[in-house]
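Following: one structure in structure tokens, then a few remarks.
The values are calculated or read from the model by the stated rules, or taken from the named source; none is laboratory data. Computed from a prediction, not measured in an experiment: that's the story for all the values here. Cβ: placed from backbone, ideal geometry, glycine included. Neighbour counts: every protein chain shown. Note: accessible area is taken over every heavy atom of the protein model, side chains too, but ligands, DNA and RNA are not part of it. Shrake-Rupley method; radii C 1.70, N 1.55, O 1.52, S 1.80 Å.
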Amino acid sequence: MSTIRIIKTVAGLVCFAAAATGCTSTVAGTASPAPTTASTAGADVFNGLNACRLLDQLTAGQGFDPGENKSARNQCVAVKPGWGSFALALDPEQGLSEFATANTGVVNTSINGRNAMQAQTTTGGCALALEVTEHARVLVIATLSDTADGIQACPDARTFAEKVEPLLPAG
């Protein structure tokens, strides 16, 4: 892999991590567990779905390297040498409103009838956030190796999101 491709892949991973985490703040004091309620106690909206297994399933036979998760979050990136990468994040804590706040130029859209938002990434890629619940989303990012093809990133991200959506839990 050329140095430029490696740099673009690393930049894409950094943008992916930033888009997946959104903004957080630090508050001084002593941490204590938040009270649980019936609606949030033990809720796993993704029912044990694993981002890397899902990404590998959807990219099988298309020349992608196995997906890699480089954090403790349920997110994964699969690189296809000479093409670029797809990234997938299953975020049980942030919804579309957080995506809209963290990104500029957000466009409301729909993926297979599911509410979604789309935004360009700083690396010339495209991010699509699909709503699972008000406070949970799936993030799909396409980043192409050739930034001249950046305009193609959104159609590629959308096509991939259309394959991901039927595998998600109902909202």
Mean separation of Cα pairs under 8 Å and 6+ residues apart, divided by the residue count of region 75-139: what relative contact order is that in percent? 33 percent
Mean Cβ-within-10 Å packing, highest first, puts peptides 116-125, 83-92 in the order 83-92, 116-125
Please report, in cubic angstrom per residue, the volume enclosed by the convex hull of the alpha-carbon atoms of region 102-171. 81 Å³
Once 93, 165, 131, 68 are ranked on solvent-accessible area with the largest value leading and a 1.4 Å probe, the list reads 93, 68, 131, 165
Sorted list, accessible surface of protein heavy atoms, 1.4 Å probe, largest first, for 80, 70, 163 is 70, 163, 80
For the full complex of protein chains and a 1.4 angstrom probe, list 151, 141 by accessible area with the highest value first. 151, 141
Carbon and sulfur %, accessible surface of region 46-144 computed with the full protein complex present, 1.4 Å: 48 percent
Give me the extension gain from residue 163 to residue 115: residue separation times 0.36 nm, minus the current Cα-Cα distance, reported in nm with one decimal. 15.8 nm
Give or take rounding to whole Å, what are the principal axis extents of the alpha carbon atoms in region 46-169, in descending order? 37, 32, 27
